[in-house]
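The values are calculated or read from the model by the stated rules, or taken from the named source; none is laboratory data. Note that the coordinates shown come from a computational prediction; the quantities given were computed from them, not determined experimentally. Because the Cβ atoms are built from the backbone with ideal geometry, glycine has one as well, and the counts that use them run over all protein chains shown. Surface areas here come from the heavy atoms of the whole protein model, side chains and all, with no ligands, DNA or RNA. Shrake-Rupley method; radii C 1.70, N 1.55, O 1.52, S 1.80 Å.
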Amino acid sequence: MEINPKQSASFVARTLQNKESKQPPAEDTATVKAKARVIFSFWSVVLFLGLPLWLWTTSIHRANLPVQEMLAWANGKACEVDVPLLFDIKAPKLTHSEAQDIIRGTSHAISSSKNFDIQRVQWQLSETLDGPRSRNSEEVALSIEFLEDSSSSAPIAQLLLQSKTLLVQYSPAMLRSNFGVYSVDIGKVIGEKLDEIFVEEQLSIEYLLASYSGCNKQLSRFSSTGNNADHFELSAKQARRRTRSLKYAPTYHISISLFTPGPVPTSWDIEAAISEYLLPLLESYSISNFTVDTQLQLYAPFSPSMRSPEFDWIKQQWIIREEDLGGFMDTANWPLSPNIGAGPTLNFILYVPDESLRPLVINGSGDHSWIIPQWGGVSILNHVGRIPTILSKEHLRPVLLTFSRQLLSLLGASDNPTSFPQQLQMLTRIHTLSLILSASSTLGSLAQLAESLATIPIPEEVALRVTRALDHLQMAQRNSHAGRFRSALEYARLAKAEAEKAFFEKDMVSQVYFPDEHKVAVYLPLLGPIGVTLLASLFKEIKKRRPTKSQ
Amino acid sequence: MRCSILFTLLLTLLPTSLANTKAPHTSNWAVLVSTSRFWFNYRHLANVLSLYRTVKRLGIPDSQILLLLPDDMACNPRNAFPGTVYNNADRALDLYGDNIEVDYRGYDVTVENFIRLLTDRWPDDVPRSKRLGSDEGSNVLVYMTGHGGNEFLKFQDSEEIGSWDLAHAFAQMWAKKRYRELLFMIDTCQANTMFERFYSPNIIATGSSGIDESSYSHHADTDVGVAVIDRWTYYVLEFLETQIKDQQSKLTLGDLFNSYDEEKVRSRPGLRWDLFDGGEAAGRSRLVMDFFGNVQGVEVNDANTFNETEWIQGMEWLAQMFKDKELDQRIGTQDSSQVTLTKQETLAMAHPTNSQTHKIAKIMKGQQWEQKAVGAIALFGVAALWVGSSIFTRT
């Protein structure tokens, strides 16, 4: 149908006129009420069901963490943990007051040395001629036994190899002095010896505290203020020791491997050798358990990327440069077990070089074994003559002795261990402290993380573990303060384990970060059409009601 | 004026004096990620495999490399050379080889898994070989390649990781001391936008292209049928493979980054130094081997300070002690029983869940009869229903 534009315009005008003149029939009150009810119910569904549901499904569950306490531990409380030393005196031939005098003398001697500032020193007299026996439940750091020897002219103090006992030989004449000052000499000798024995421990503890970020470093010898060569050497030595030794674990795995480039030896009597030379050490190291496995690999030459050894005509031996040792192992082809079990793995490698390359030694020191920090040790067996097809226990003896020394060194013992029980004691104390510091630092990180990342969920499990970790820390501190280091170590270990588990909780993976425009893009197509209708009808309803109210 | 500068310099030097005496890093870890699937993205997997080969050659053991490959190009039916992956048209080097350890493959390569990997938030049953076990002494290399855009990188065509996600993940790693120094490398389009948001210290970041720039592939192999490597990765590898001859190489990151040639790469590779301790100068002086290799510091036993005879004496004494103890145990003294008791106690302390599993086992045992009864009743009920219904229908 063709419509004249003029005609159509008048048609529109007419219909408009009609609309103005003709109102739609008035809605009856029932319909109005129903309409209002419909709008109301829609909105109530949105407000009372939709909104809570949306909030509930999109909210991130964040359990309450004891943030203040966690941060308190991280920022200084952990540094206040003290590891006192208890010295026990056994002097069956001295009177109580004489022994007290000696203690006074020794205390004076060690207080002048800077070493004992960081550890509290306690004394107990467990045996004297007449005095009462005092005995604490604490673990004795060192017992000092007095031996009367009238022939000696000067007091001698000597640390026994096999036990944590300091033997002091004295003659009765030394106890009496003309000036009323008793036992100065004996005290001084003991003090010097104690200083010598415990300096390593003091330095370790000091370094530990100094390298922990939450502690006040001003007092320490490793603080930045003492910038001299002495300080430099000290901290370098401690740093080396720290990086070399593994962190404390209740179980370590030891993997002993023999690699040789040729076909011999085809077998080794390793089991007997381990039980003879290594087992005693492992058994005595009572703060950790060990599992051991061994393997033998034939036709395993050292890494092809290593520079080949050179022959030294003068000394008649093959030389490896020290800087090449890092690339000695063929990590791509030697089947060295990575960490498999619960604890960290310590690898010990016995390398039997080819006959044409013997003796194989390291440039400079001429030694044939080395430590790879936090990883393990390597030893080269330079057997003279033909290599037997079966390496006997005796062949393995020097190797295993080297390994045992390396093992102790990797576990954190001092460079020159003197008495094993004393070393073990020292390690217990140091490990306790380092575990406490580590657990505290983890808790601190967790607290900071929870505060800085708002989108990360925190399950109740984490809060529970944190509380447990804090409890264990408290217990560790209390036990350590009281000198019960075994239980302190155990509690510290548990605290660390709980703190780590809390930090690495698997449900605590933060949601993928959404920029705001993404959120708009997701919600708008969904809520746009519904929202417009709902809002429009609400406004209309309100508008409709207003004039009626004013009338 | 000069004095004050000197003073501030001194002040900035002081707190680092402890850090300076720190021993070098103790381990190297590499996380190598490709994020794309499908045959036409062959080059992304080749990129990652090339890096994998290089770090392995330079000494990082497989146990410390985490390789994430979302697709298997070697066994793709379209591959004209089955079982191999090449990164060059000359096909001189098979990247797949016979000694390759892929840690995450196929649909395991997701944003969530990648973030879990970095932050180590895994269930207990994930083996160590699939975890990033780095600590405060570790240098970590993170290499990523795929298709990306402004502040995101696409994973597997289905999801994406944003620059914030990555920044938060690294922040969490830093908070838990999971790296000492971190080198982040990324080869995607607009790659440099991915590291803009990083905020944790000791990160050096480098990417292939700036904002609004594409990263291009280097060349295609007409027999394979697709591009085999990306430009930026190609030139990085060229440097690593021709200049770093052995593990004793003393070339620095500065040398590596200076080798970037915008003409050749056809985009503007980016660098970020501000997070690194010591800034650009310190970062540039870091050895390439600090991140791509596994130079282990070695300590040769010093024979001079060590008293060997004393040590042997000590060990022999220990052995003697041990033998005595064994004898004691064989006789069966009270002491040994006490020791075992305390061991059990510590065990119980360490594993509080032990008793829980016991309970669970008990509950399961108890439920067995009830379950059987319920089953029987249900069976009879169904049978009765069937019989009843058949009777009703007959009537």
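Taking each DSSP H run with n ≥ 4 as -39500 (n - 2.57) and averaging over every residue of chain A yields -15000 deg cm²/dmol at 222 nm.
Each of A:A26, A:W268, A:A463 was placed along the dipole of chain A (beta-carbon charges, centred on the mean Cα), and the one lying farthest toward the positive end is A:A26.
Amide H contacts under 5 Å for A:Q317: A:D312, restricted to partners 5 or more places along the chain or on a different chain, H placed in the peptide plane at 1.01 Å from N. Under 5 Å between amide hydrogens, which residues at least 5 positions from A:W268 or on another chain qualify, with H placed 1.01 Å from N in the peptide plane? Correct list: A:L391.
The residues of segment B:24-298 expose, per residue, 35 Å² of accessible area to a 1.4 Å probe. Using a 1.4 angstrom probe on protein heavy atoms only, the contact between B and A buries about 6300 square angstrom of accessible area, both sides summed. Each Lys and Arg adds +1 at its Cβ and each Asp and Glu adds -1 at its Cβ; summed about the Cα centre, chain A shows a dipole of about 3520 debye. Sequentially through segment A:484-492, phi angles give Karplus couplings (6.51, -1.76, 1.60; θ = phi - 60°) of 8, 6, 4, 6, 4, 4, 4, 5, 5 Hz, Gly and Pro residues having no value and appearing as x. Do you know which residues of segment B:160-175 lose at least 20 square angstrom of accessible area in the protein assembly compared with their chain on its own, with a 1.4 angstrom probe? At a threshold of 20 Å² (probe 1.4 Å), the residues of segment B:160-175 that become less exposed are B:E160, B:W164, B:D165, B:H168, B:Q172, B:A175.
Counting only protein heavy atoms and a 1.4 Å probe, tell me what percentage of chain A's accessible area is made up of carbon and sulfur. Within chain A, the accessible surface is 57 percent carbon and sulfur.
State whether segment A:250-410 is rounded, prolate or oblate according to the following rule on the C-alpha gyration tensor (a ≥ b ≥ c being the square roots of its eigenvalues): a/c under 1.5 gives rounded; otherwise a/b larger than b/c gives prolate, and the remaining case gives oblate. Prolate, since a/c reaches 1.5 and a/b exceeds b/c. Straight-line cross-link reach from B:K176 at under 16 Å between alpha-carbon atoms covers these aspartates and glutamates, not counting any fewer than eight positions away in the same chain: A:E451, A:E498, A:E500, A:E505, B:D120, B:D135, B:E136. Amide H contacts under 5 Å for A:G377: A:N347, A:F348, A:I349, A:I372, restricted to partners 5 or more places along the chain or on a different chain, H placed in the peptide plane at 1.01 Å from N. The antiparallel fraction among DSSP beta bridges confined to segment A:250-410 stands at about 20%.
Taking loop as defined by DSSP and a crowding limit of 14 other beta carbons within 10 Å, which trypsin sites (Lys or Arg not before Pro) in segment B:27-116 fit? Passing sites in segment B:27-116 are B:R78, B:R91.
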